[in-house]
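Chemist: Sharing a structure, written as structure tokens. Questions coming.
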Amino acid sequence: EAIKNKTFALELTKKVYSEDSPEYVSLLDQLSISYSNAGNDTMAIRLGTKVLEIRKKSLTETSSEYAKALSQLAMLYYRAAYSGHDDYYPEAIKLQKTAVEILSNNATEDEKNDTIYRWCSVLGAALVDLAAIYNDSGNPAEAIKCQTLAIEHEQLYLGHNIDFSVMYGETLADL
């Protein structure tokens, strides 16, 4: 039902605005997540790829917003890999590493603009996501490196330690 409603809203938004509009892209992104949650990884990744292509036209490939779109697609690949498509881990890692690199290059500017999530910075969250992908793909050493970088970044950014287990349910000790 959620997919049907979001698909209807997407088509209506396409008629009222355009496929390049922020409203359309946002709904397309939500629909990709709905497909992922429903277990239709192929459709989720196809729609997530379309979101990234649209973002690529309207944003520079060095912007944090573009990096967030990369990260979202990486997470769709990760969910598919975690669900049994092990061959998707390399693509998830590649996309998330690119997102982390872009966010790292933009961290100072993003922090000036206070671009944060509720518990941590965008870069901190991206690093923890990369740590999860590495861990579940069988590379705990890289996972620990990423989570350590995330903790160090958050200590500098927020001025105190952050408990990532609040957000992600796991810490270095769990990896």
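No value in this document is a laboratory result; all are computed from the given coordinates. Small disclaimer: the values here were computed from a predicted structure and weren't measured.
Chemist: Take the Cα coordinates of the stretch 1-139, assign each an equal point scatterer, and use the Debye formula without solvent to give log10 I(q)/I(0) at q = 0.10 Å⁻¹.
Modeler: Scattering profile of the stretch 1-139, log10 relative to I(0): -0.34.
Chemist: Go through K4/K97; K6/K97; K68/K145; K57/K94; K50/K145; K4/K94 and tell me which ones have a Cα-Cα distance over 27 Å in this structure.
Modeler: With Cα atoms farther than 27 Å apart: K4/K97; K6/K97; K50/K145; K4/K94.
Chemist: Normalise the Debye intensity by I(0) for the stretch 1-78, one equal point scatterer per Cα, no solvent, then take log10 at q = 0.14 Å⁻¹ and round to two decimals.
Modeler: Log10 of I(q)/I(0), two decimals: -0.42.
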